[in-house]
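The values are calculated or read from the model by the stated rules, or taken from the named source; none is laboratory data. These numbers come from a predicted model, not from an experiment. Counting neighbours? That spans all protein chains shown, and the Cβs are built from the backbone with ideal geometry, glycine included. To get the accessible areas, we keep the full protein, side chains included, count just its heavy atoms, and leave off ligands, DNA and RNA. Shrake-Rupley method; radii C 1.70, N 1.55, O 1.52, S 1.80 Å.
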Amino acid sequence: MVKTQIFVEGGAKGRLAKDLRVAFGSFLQKASAAQGIQITACGSRADTYRKFRGAVRKGESAMLLVDAEQPITTQGPWQHLKQRDNWDRPDGATDDQCHLMVQIMESWFLADPDVLESYYGRGFRKQDLRQNPSVEQVPKQDVLDGLEHAARNTTKGRYSKGKHGFEILARIDPVKVRTASRYANRFIVALTS
């Protein structure tokens, strides 16, 4: 079976890299999109793009998955990345190989507030999260501030990407995420087609 390697921003080394691979693997397995994939934690945005570009140059089956970092105002992911990061689509790469977690990975969490409440337990304040049927429209800082405020009075304490992010990602419902994020849906459709 040909493996598609997904180059994911974040989790550069050690435990964080393992946690990222496990969390994305769990999320994609629940979405029935984990067959024939290999998840590679790449660290920084620039390193993620560089590793993806190298794989494409070698003719490998590869996908790029990075945070959009801001609202997407272009026609597609490559145009967004060109405008924001001055990244060119590598020769031989297609539109279906470029994917965005909009605006940040944590945006996906807003699609499943019940999992957040279950994860944090007593003291979690769901009402502190920004409500929007499209999680892509919630500004990055509002997502992070909402998570921090909602969790501050729980035994786990304020939201921490390193401590909580990948555990939450492994638990959220991909169906809810796909409904609330057209870019998440686009990513899963590309993996399953």
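If we keep just the residues of the range 71-91 that are open to solvent by less than 70 Å² (accessible area, probe 1.4 Å) and modelled with pLDDT of 95 or more, which is farthest from residue 133 (Cα to Cα)? Explain how you work it out, then say what you get.
Let us first name the residues in the range 71-91 that are open to solvent by less than 70 Å² (accessible area, probe 1.4 Å), namely 72, 74, 76-78, 80-81, 85, 87, 90.
Next, from what is left, pick out any that are modelled with pLDDT of 95 or more: 77-78, 80-81, 85, 87, 90.
Values: 77: 21, 78: 25, 80: 22, 81: 25, 85: 28, 87: 30, 90: 34 Å.
Only one residue tops the list, namely 90.
Taking the condition of being of a type in the set (Val, Ile, Thr) and open to solvent by 60 Å² or more (accessible area, probe 1.4 Å), how many residues in the range 150-178 meet it? Show your work before the answer.
Narrowing the range 150-178 to residues of a type in the set (Val, Ile, Thr): 154-155, 168, 172, 175, 177.
Checking which are open to solvent by 60 Å² or more (accessible area, probe 1.4 Å) leaves us with 155, 175.
Adding up the residues that qualify gives 2.
For the range 4-15, indicate whether the set of residues that are open to solvent by 20 Å² or more (accessible area, probe 1.4 Å) and free of Cβ contacts under 8 Å to residues at least 24 places away in the same chain is non-empty.
Yes, that holds for at least one residue.
State the number of residues belonging to the range 34-72 that are polar (S, T, N, Q), in a helix (DSSP H, G or I) and farther than 20 Å from residue 186 by Cα. Steps first, answer last, please.
Of all residues in the range 34-72, those polar (S, T, N, Q) come to 35, 38, 40, 44, 48, 61, 70.
Filter again for in a helix (DSSP H, G or I), leaving 48.
Next, only the ones that are farther than 20 Å from residue 186 by Cα stay: none.
Total satisfying the criteria: 0.
Quick one: which residue in 136, 60 is open to solvent by 70 Å² or more (accessible area, probe 1.4 Å) and in contact (Cβ under 8 Å) with a residue 12 or more places away in the chain? Outline the logic, then answer.
Details: 136 fails: open to solvent by 70 Å² or more (accessible area, probe 1.4 Å).
On inspection, the qualifying residue turns out to be 60.
State whether one or more residues within the range 75-84 are among the aromatic types (Phe, Trp, Tyr) and in contact (Cβ under 8 Å) with a residue 24 or more places away in the chain. Lay out the reasoning, then the answer.
Start the filter on the range 75-84 by keeping residues that are among the aromatic types (Phe, Trp, Tyr), which leaves 78.
If we keep only those that are in contact (Cβ under 8 Å) with a residue 24 or more places away in the chain as well, we get none.
No, the range 75-84 contains no residue that is among the aromatic types (Phe, Trp, Tyr) and in contact (Cβ under 8 Å) with a residue 24 or more places away in the chain.
In the range 61-118, what residues are of a type in the set (Ser, Thr, Tyr) and in contact with an Asp or Glu (Cβ under 8 Å, 6 or more places away or on another chain)? Before the answer, list the steps.
Keep residues of the range 61-118 that are of a type in the set (Ser, Thr, Tyr), which gives 61, 73-74, 94, 107, 118.
Across the range 61-118, the qualifying residue is only 107.
Can you tell me which residue in the range 1-51 is nearest to the chain's Cα centre (by Cα), limited to those that are of a type in the set (Val, Ile, Thr) and farther than 26 Å from residue 176 by Cα?
So in the range 1-51, the residues of a type in the set (Val, Ile, Thr) come out as 2, 4, 6, 8, 22, 37, 39-40, 48.
Now restrict to residues that are farther than 26 Å from residue 176 by Cα: 2, 48.
Working: 2: 23, 48: 13 Å.
That would be 48.
Please name all residue pairs, on different chains or six or more residues apart, with Cβ atoms under 6 Å, provided the first residue is in the range 144-166 and is closer than 18 Å to residue 112 by Cα and in contact (Cβ under 8 Å) with a residue 60 or more places away in the chain and the second residue is surrounded by 16 or more Cβ atoms within 10 Å (Cβ to Cβ) and not aromatic (Phe, Trp, Tyr).
Close Cβ pairs satisfying both conditions: 166/19; 166/20; 166/23.
How many residues, within the range 167-193, are within 14 Å of residue 115 (Cα to Cα) and among the charged types (D, E, K, R)? I'd like the intermediate steps shown before the answer.
We begin by selecting, within the range 167-193, every residue within 14 Å of residue 115 (Cα to Cα); these are 167-177.
So of that shortlist, the ones also among the charged types (D, E, K, R) come out as 167, 171, 173, 176.
Number of matching residues: 4.
Does residue 181 satisfy the criteria of being under 24 Å from residue 66 (Cβ atoms), open to solvent by 20 Å² or more (accessible area, probe 1.4 Å) and among the hydroxyl-bearing types (Ser, Thr, Tyr)? Before the answer, list the steps.
Working: under 24 Å from residue 66 (Cβ atoms): yes; open to solvent by 20 Å² or more (accessible area, probe 1.4 Å): no; among the hydroxyl-bearing types (Ser, Thr, Tyr): yes.
No; evaluated as a whole, the condition is false for this residue.
Out of everything in the range 95-116 that is without any contact (Cβ under 8 Å) to a residue 40 or more places away in the chain and open to solvent by less than 70 Å² (accessible area, probe 1.4 Å), what residue ends up being farthest from residue 155 (Cα to Cα)?
At the first step, the residues of the range 95-116 found to be without any contact (Cβ under 8 Å) to a residue 40 or more places away in the chain are 95, 98, 113-114.
So of that shortlist, the ones also open to solvent by less than 70 Å² (accessible area, probe 1.4 Å) come out as 98, 113.
Numbers: 98: 38, 113: 18 Å.
This residue is 98.
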